[in-house]
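For reference, the structure is listed below as structure tokens.
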Amino acid sequence: MLADPNVQEILIDVTKDDENSIPIIQCLLNGKTTDEEIAEETEIRLNIVRRILYKLYDAGVASYKRSKDPETQWYTYSWKFEEDKIAEIISDKVEKFSQELHQSLEYEEDNMFFVCPNGCRYNFEEASERNFICPDCNTNMEFQDNSSIIMELKELQERMS
Ligand SMILES: [Zn+2]
């Protein structure tokens, strides 16, 4: 699962650490459960390991159990990676993207567009308010046939369903 670039992207987005996150999670998946074991195994500094684990915890991607060592009276935290939560985050993302796609498609279908030679793009209302002169470049804007954009969006939508 960690080999999936989408999963890696999500995890790095959570931890904001593209260098240490994946080795730490890999180590967790390999069965090391405490921050100290992970730090030792990965040779990543303990405070970095802890920071990443708590960030994952904060996002619901990791959980921990606290237990007291009967001899030393110290608490040990044993960590667990929550794979189900990753699946949930991915499906939320897909859902959000498909909504955005639907909105873009509607917008393209409901509007006419005008472009300047430099590629600035305005819808009919915006362009007519400016007498079809690009406010950014001061050049004439021309009608743009957006049927190829609509087709691409539709294809994308089909591939996702
Ligand atoms: Zn322009």
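We did not get these values from a lab; they are worked out from the coordinates using the rules stated. Predicted model only: the values in this text are computed from it and were never measured. When we count neighbours, we look across all protein chains shown, and the Cβ atoms used for this are built from the backbone with ideal geometry, even at glycine.
A Förster distance of 30 Å, applied to the separation of the beta-carbon atoms of LEU101 and ARG50, puts the FRET efficiency at 0.15. From most to least packed by mean Cβ count within 10 Å, the peptides 16-22, 90-96, 144-150 give 16-22, 144-150, 90-96.
Among the helices of the chain, none built from whole DSSP H runs has Cα atoms reaching 27 Å or more along its own axis together with a mean Kyte-Doolittle hydropathy of at least 0.0. Summarising the label geometry, the points placed 7 Å from Cα in the beta-carbon direction at SER128 and GLU142 lie 2.1 nm from one another.
One way to sum up the overall shape of the range 5-81 is the equivalent ellipsoid from its Cα gyration tensor, whose semi-axes run 23, 13, 10 Å, largest first. For the range 92-160, the Cβ-based charge dipole about the Cα centre amounts to some 200 debye (Lys, Arg positive; Asp, Glu negative; other atoms uncharged). Here the dipole of the range 5-81 is about 360 debye; that uses its Cα centre as origin and unit charges on the Cβ of Lys and Arg (positive) and Asp and Glu (negative). What does the charge add up to near GLU41, with Lys and Arg as +1, Asp and Glu as -1, over the other residues with Cβ less than 12 Å from its Cβ? Counting the neighbours of GLU41, the net charge comes to -4.
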